[in-house]
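The values are calculated or read from the model by the stated rules, or taken from the named source; none is laboratory data. In this text, all values refer to a predicted model and were calculated from it rather than measured experimentally. Cβ coordinates were reconstructed from backbone atoms using ideal geometry, including for glycine residues, and neighbour counts include every protein chain displayed. These area figures cover heavy atoms from the full protein model, side chains too; ligands, DNA and RNA do not enter into them. Shrake-Rupley method; radii C 1.70, N 1.55, O 1.52, S 1.80 Å.
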Amino acid sequence: MHRGVSRRQHSVEQRQIAVLQELRAALERKEFRLLFQPVFSRDLRLVALEALVRWEHPLRGLLPPSEFISICEESGLIVELGRRVLHEAAHHYAFLVPQGLGHVRLSVNVSAMQFAHGLLDDVRRVVEEFDLPFGALELELTESVIVDDPERAAQVMVALAELGVTIASAIADFGVGYSSLRYLKRLPIHRLKIDRSFVNDLESDESDRSICEAVIALARTLRLGVVAEGVESIFQRDWLRTSGAGELQGYLFAKPVSFAAATSAEPEPSAMAD
Ligand code: C2E
């Protein structure tokens with residue numbers, strides 16, 4: 001049995017090495033694409049576009065981040081991939097303005113390793129290159145960015161805010177590592193994002209409702225915005241709106257789509273229903 005386990009382990013490792021080689025080649029061949037998922041205000045106006053990366057695999061088709069992000073993070077490839085995502089997302093700002101969408105934020109996910117390896121310089125470069133105004137770029141950070149070196153993280157975040165970048169933070173992480181709750185009030189965080197794991201079962205799970213209420217109350221006290229993600233039903237939409245979530249995102253409104261489709265996106269007709 002022991003030999004069986006180590007053989008299995010060995011084949012998992014072999015597979016990871018093969019995927020890593022494929023990922024390196026994919027970066028060189030520019031096989032990564034961005035989709036954008038709209039975020040709407042309570043009154044269903046488009047307020048943000050979240051960039052979500054996909055791997056256009058030559059044989060397997062369009063692959064979601066769950067197939068490759070963790071390997072990129074473990075191997076350090078995420079720094080280069082993240083830099084490309086940031087550049088590609090920022091490049092789209094110029095197309096928003098002529099459509100009267102200059103107020104719409106471009107929101108980009110950032111991994112902890114990317115944050116610690118040159119993120120500030122990368123952001124400075126894209127802000128200059130694309131002449132991004134204050135508030136155009138939003139970074140979505142998780143708590144892991146803060147835990148290793150909170151003081152340094154705070155310095156980077158303050159410098160990002162000075163560049164006009166807004167910062168949204170996933171509350172799933174803040175909830176878990178509650179020690180960072182105290183950083184919430186010190187750091188230039190503009191928005192809390194309610195993870196879709198808390199939104200999923202809102203209708204049936206009282207403790208999820210309590211968590212969402214607590215996040216919204218915390219945001220109100222700290223004067224932060226709230227984005228709820230993973231909204232799939234009218235019940236969730238109405239409950240979140242009534243409870244005070246300012247922005248909503250989820251399949252009820254729109255799925256991740258091409259930039260052109262996202263900017264012309266009206267919320268799905270079903271999302272407008274009473
Ligand atoms: P996230 O930041 O929480 O992004 C939201 C994820 O939820 C997306 O999955 C989106 O397609 C999905 N989603 C949105 N609305 C709904 C809904 O109503 N129902 C359900 N079931 N799912 C919904 P996706 O695109 O597979 O991304 C997964 C995660 O991968 C993201 O979670 C983010 O953490 C990570 N990710 C995506 N793009 C990047 C990137 O460029 N860089 C980094 N570091 N991470 C990324």
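Out of all DSSP beta bridges with both ends in region 47-186, state the antiparallel percent to the nearest 5. Could you put the intermediate results ahead of the total?
Working: 3 of 15 bridges.
The antiparallel fraction comes to roughly 20 percent.
Among the lysines, which have Cα under 23 Å from the Cα of Lys193 when same-chain residues fewer than 8 positions away are ignored?
Output for Lys193: Lys185, Lys255.
Given the protein chains as shown and a 1.4 Å probe, how many square angstrom of Thr242 are accessible, to the nearest 10?
Thr242 has an accessible surface of roughly 120 Å² with all protein chains in place.
Would you calculate a helix-derived [θ] at 222 nm for the chain, using -39,500 (n - 2.57) for each DSSP H run of n ≥ 4 and dividing by the full residue count, to the nearest 500?
Working: 15 runs with 138 residues, N = 274.
Here the helix-only value at 222 nm equals -14500 deg cm²/dmol.
How large, in percent, is the carbon and sulfur part of the accessible surface of region 31-267 at a probe radius of 1.4 Å? List each step's numbers first, then the result.
On the way: 5570 of 10750 Å².
Result for region 31-267: 52 percent of the exposed heavy-atom area is carbon or sulfur.
Defining a contact as two alpha carbons under 8 Å apart and six or more residues distant in sequence, what relative contact order in percent does region 1-57 show? Mind dumping the intermediate values first?
Numbers: 43 pairs, mean separation 15.5, N = 57.
Rounded, it is 27 percent for region 1-57.
Looking at Val53, Ser41, Ala136, which one has the Cα that reaches farthest to the positive end of the dipole of the chain (charges on Cβ: Lys, Arg +1; Asp, Glu -1)?
Val53
Please list, ordered by chain and number, the residues whose modelled amide H lies under 5 Å from the amide H of Ala48; skip anything fewer than 5 residues away on the same chain.
Val39, Arg105
Among the chymotrypsin sites (Phe, Trp or Tyr not before Pro) within region 198-274, which fall in a DSSP loop and have no more than 16 other Cβ atoms within 10 Å of their own Cβ?
Tyr251
Which length gain, in nm to one decimal place, applies between Asp274 and Arg24 when the Cα-Cα distance is subtracted from 0.36 nm times their residue separation? Before the final figure, lay out the partial values.
Values: separation 250, 0.36 × 250 = 90.00 nm, distance 4.83 nm.
The Asp274-Arg24 span can extend by a further 85.2 nm.
Using the charge dipole of the chain (Lys, Arg: +1 at Cβ; Asp, Glu: -1 at Cβ; taken about the Cα centre), state which of Ile216, Asn200, Gln14 has its Cα farthest towards the positive end.
About the Cα centre, the residue reaching furthest to the positive side is Gln14.
Please list 3J(HN,Hα) in residue order for region 163-169, calculated via the Karplus relation 6.51 cos²θ - 1.76 cosθ + 1.60 where θ = phi - 60°; whole Hz, with x for glycine and proline.
7, x, 8, 9, 10, 10, 10
Name the longest site-free stretch of the chain, where the excluded sites are trypsin sites (Lys or Arg not before Pro) in a DSSP loop with no more than 16 other beta-carbon atoms within 10 Å. Can you show the working numbers first?
Values: sites that count: Arg29, Lys30, Arg42, Arg45, Arg60, Arg223.
Longest gap between qualifying sites, sites excluded: 61-222.
For region 241-248, take each phi angle, set θ = phi - 60°, evaluate the Karplus expression 6.51 cos²θ - 1.76 cosθ + 1.60, and give the result in whole Hz per residue in order, putting x for glycine and proline.
5, 5, 7, x, 6, x, 9, 10
About the Cα centre of region 1-140, how large is the charge dipole given +1 on each Lys and Arg Cβ and -1 on each Asp and Glu Cβ? Please answer in debye to the nearest 20. Numbers along the way, then the final one.
Details: 17 positive and 19 negative charges, 117 e Å.
Here region 1-140 has a charge dipole of around 560 debye.
Using +1 on the beta carbon of Lys and Arg, -1 on that of Asp and Glu, and nothing else charged, what's the dipole of region 31-267 about the Cα centre, debye to 20? Don't skip to the end; give the middle numbers.
Working: 23 positive and 34 negative charges, 120 e Å.
Dipole about the Cα centre, nearest 20: 580 debye.
In Å and whole numbers, how far do the C-alpha atoms of the chain stretch along each principal axis, longest first?
Sorted largest first, the three principal extents are 57, 49, 43 Å.
How would Leu62, Leu120, Leu202 line up by accessible area, probe 1.4 Å, largest first?
On the way: Leu62 95, Leu120 40, Leu202 0 Å².
Sorted descending by solvent-accessible area, the residues read Leu62, Leu120, Leu202.
Whole-Hz ³J(HN,Hα) for each residue in region 70-82, computed from phi via Karplus 6.51 cos²θ - 1.76 cosθ + 1.60 with θ = phi - 60°, x for glycine and proline: what do you get?
Karplus-based 3J(HN,Hα) across region 70-82 equals 5, 5, 4, 5, 5, 8, x, 4, 4, 5, 5, 4, x Hz.
When ligands, DNA and RNA are left out and all protein chains stay put, how many square angstrom of accessible area per residue does the chain have with a 1.4 Å probe? All intermediate terms of the calculation are to be shown ahead of the outcome.
Details: 14020 Å² over 274 residues.
Normalised by residue count, the accessible surface of the chain is 51 Å².
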